[in-house]
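The values are calculated or read from the model by the stated rules, or taken from the named source; none is laboratory data. It should be emphasised that the depicted structure is a prediction, and the values quoted were computed from it without experimental measurement. Here the Cβ positions follow ideal geometry from the backbone for every residue, glycine too, while neighbour counts run over all protein chains shown. Side chains are part of the model used for accessible areas, which takes the heavy atoms of the whole protein and leaves out ligands, DNA and RNA. Shrake-Rupley method; radii C 1.70, N 1.55, O 1.52, S 1.80 Å.
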Amino acid sequence: MNIGMKALIVDDEYNVRYVIRQLGQWEKNGITDLLEARNGEEAKRIIQKEKPEIIFTDVKMPGMSGIEMIEWLDSISYPGKVIFITGFDDYSFMRKAIKHNSFDYLLKPIEAEPFNYTLAEAVKSWANEELDRKYKEDGVYDDVKRLRLNQIVTEACIGEFFDPAEFASALPTADEFDLTLISFYQMHHSAPYIQLLAEELEHQEWGNAFELQNDHSLCLVITVKGVWLSVEEWISQKFDIPVRLVNGTSLKSMEGLPISYNVLQKELEDQNFRAIHRLNDLDNACRMRNIVHYVDTYYMEELTLEKLSSRFFLSREHISRKFKQETGMTLSKYMMKLRIDQAKSRLRESDESILSISLMLGYQDEKYFSKLFKKVMGLTPFEYRNHVKKQQTEGF
């Protein structure tokens with residue numbers, strides 16, 4: 001809760017101000033200074049000097065009324081939250097209050113529970129808006145907003161719960177959208193290109209582009225139906241790096257995003273893509289070193305020639321042939337060697353169960369792992385561990 005917040009009570013009746021003072025859970029809601037005014041003119045002077053975050057005001061008062069006061073506050077874009085306290089349940093008054101951005105209104109006689117609920121909500125609303133204002137002043141508001149949108153879309157794509165309305169504001173209003181998946185070359189820094197595309201799509205009111213947080217080489221583009229050819233032409237002109245495109249999926253409701261994304265991802269994995277620009281300018285040997293390094297890092301995951309092809313923009317056949325030239329082994333044998341070496345290290349240096357080591361290495365079947373290990377080492381994992389321990393004991 002914010003510390004050092006101020007609240008102002010404006011009412012021409014002392015008894016009403018006293019009741020509000022007694023009812024409010026001020027300290028609980030971070031209010032440390034409680035101010036009072038007997039009319040709108042006095043309130044105006046206090047607001048200019050003290051700048052209270054929360055204002056409770058009566059509607060009808062001598063001199064400046066509550067409505068006149070909120071009109072003034074609205075004219076100077078005052079960030080504080082104004083709650084009217086009135087004995088008049090009048091529609092025309094409510095319209096004026098809403099028009100001038102009042103937070104809420106309470107009817108007399110005032111009751112503790114609704115009063116403190118409104119107080120807590122007003123404080124929460126002010127705090128959220130203050131955070132937004134701070135982000136804007138610090139110049140990071142757009143970055144935070146963009147990151148949040150990327151997270152929401154990523155959650156949707158991987159099948160987690162998401163609120164479609166939460167990122168609706170990031171898209172133009174349309175009855176139907178086209179979805180396109182853009183794949184960047186693994187070793188390129190894709191973020192600046194995605195941001196450039198997103199800014200252009202928003203400027204033209206064509207749609208938006210989102211960097212997937214679980215795979216930064218992928219970008220999901222959501223565009224108003226019928227504009228994709230213009231978008232692709234823009235990409236061809238503005239991107240100076242190669243990208244692969246998969247599209248053809250339409251979306252009428254954001255609820256269908258997870259299924260539509262899976263269709264695009266499957267198409268990419270099956271090599272059903274179109275390319276913009278070529279990778280001829282990149283050194284072939286450099287790319288193969290990048291691939292070997294990638295395998296060295298992610299060998300415990302399910303890596304296939306298809307996945308490497310999608311990430312590194314080379315055909316499966318080319319990767320298969322060049323990988324063997326680079327390492328002296330096929331991809332499957334190279335990964336098996338890395339896994340066996342990791343297993344040996346775990347068996348020597350930890351007391352983890354054989355099943356745990358098997359699962360960690362990506363083998364779901366402990367018996368299969370043990371059989372594979374014996375084929376390579378001549379001993380089962382259990383026998384290997386005992387053999388190592390015996391050697392260590394004898395050496396000691």
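Mind checking which residues of segment 297-321 are small (Gly, Ala, Ser) and open to solvent by 40 Å² or more (accessible area, probe 1.4 Å)? Passing the criteria: Ser315, Ser320. For segment 149-186, residues that are surrounded by 13 or more Cβ atoms within 10 Å (Cβ to Cβ), over 30 Å from Asn290 (Cα atoms) and within 14 Å of the chain's Cα centre (by Cα) total 8.
Checked against the criterion of being over 16 Å from Thr154 (Cα atoms), hydroxyl-bearing (Ser, Thr, Tyr) and modelled with pLDDT of 90 or more, the candidates Tyr185, Tyr193, Tyr261 yield just one match: Tyr193. Each residue in segment 359-386 was checked for being part of a helix (DSSP H, G or I) and touching a residue at least 12 places away in the same chain (Cβ under 8 Å), and 12 of them qualify.
Pairs meeting the criteria (first residue in segment 34-63 and touching a residue at least 12 places away in the same chain (Cβ under 8 Å) and over 16 Å from Asn101 (Cβ atoms), second residue basic (Lys, Arg) and open to solvent by less than 40 Å² (accessible area, probe 1.4 Å), beta carbons under 7 Å, at least 6 apart or on different chains) are Glu36/Arg17. Looking at this structure, is Leu220 of a type in the set (A, V, I, L, M, F, W, C), in contact with a Leu (Cβ under 7 Å, 6 or more places away or on another chain) and open to solvent by less than 20 Å² (accessible area, probe 1.4 Å)? Yes.
The set of residues from segment 324-351 being open to solvent by 40 Å² or more (accessible area, probe 1.4 Å) and either of a type in the set (Phe, Trp, Tyr) or touching a Ser or Thr at 6+ places or on another chain (Cβ under 8 Å) (or both) comprises Lys324, Thr330.
Scanning segment 237-259 for residues that are in a helix (DSSP H, G or I) and either open to solvent by 50 Å² or more (accessible area, probe 1.4 Å) or touching a helix residue (DSSP H, G or I) at 6+ places or on another chain (Cβ under 9 Å) (or both) turns up Gln237, Lys238, Met254, Glu255, Leu257, Pro258, Ile259.
Applying the condition of being touching a helix residue (DSSP H, G or I) at 6+ places or on another chain (Cβ under 9 Å) and closer than 17 Å to Thr118 by Cβ to segment 71-91 and asking which residue is modelled with the lowest pLDDT yields Thr86.
Restricting Gly207, Gly159, Gly226 to residues that are at positive phi, touching a strand residue (DSSP E or B) at 6+ places or on another chain (Cβ under 7 Å) and in contact (Cβ under 8 Å) with a residue 12 or more places away in the chain narrows the list to Gly207. The residue list Glu302, Glu317, Glu326, Glu306 contains one member that is among the acidic types (Asp, Glu) and closer than 18 Å to Leu359 by Cα, which is Glu302.
Out of segment 311-333, which residues are of a type in the set (Ser, Thr, Tyr) and more than 35 Å from the chain's Cα centre (by Cα)?
Ser320, Thr327, Thr330, Ser332
Residues checked against (1) modelled with pLDDT of 90 or more; (2) in a helix (DSSP H, G or I); (3) of a type in the set (Phe, Trp, Tyr):
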position: Phe93; (1), (2), (3): no, yes, yes
position: Ala97; (1), (2), (3): no, yes, no
position: Pro109; (1), (2), (3): no, no, no
position: Val123; (1), (2), (3): yes, yes, no
position: Lys134; (1), (2), (3): no, yes, no
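Within segment 298-318, how many residues are assigned to a helix (DSSP H, G or I) and of a type in the set (Ser, Thr, Tyr)?
Kept after step one, since they are assigned to a helix (DSSP H, G or I), are these residues of segment 298-318: 298, 305-312, 316-318.
Cutting the leftovers down to of a type in the set (Ser, Thr, Tyr) gives us 298, 309-310.
Final tally of qualifying residues: 3.
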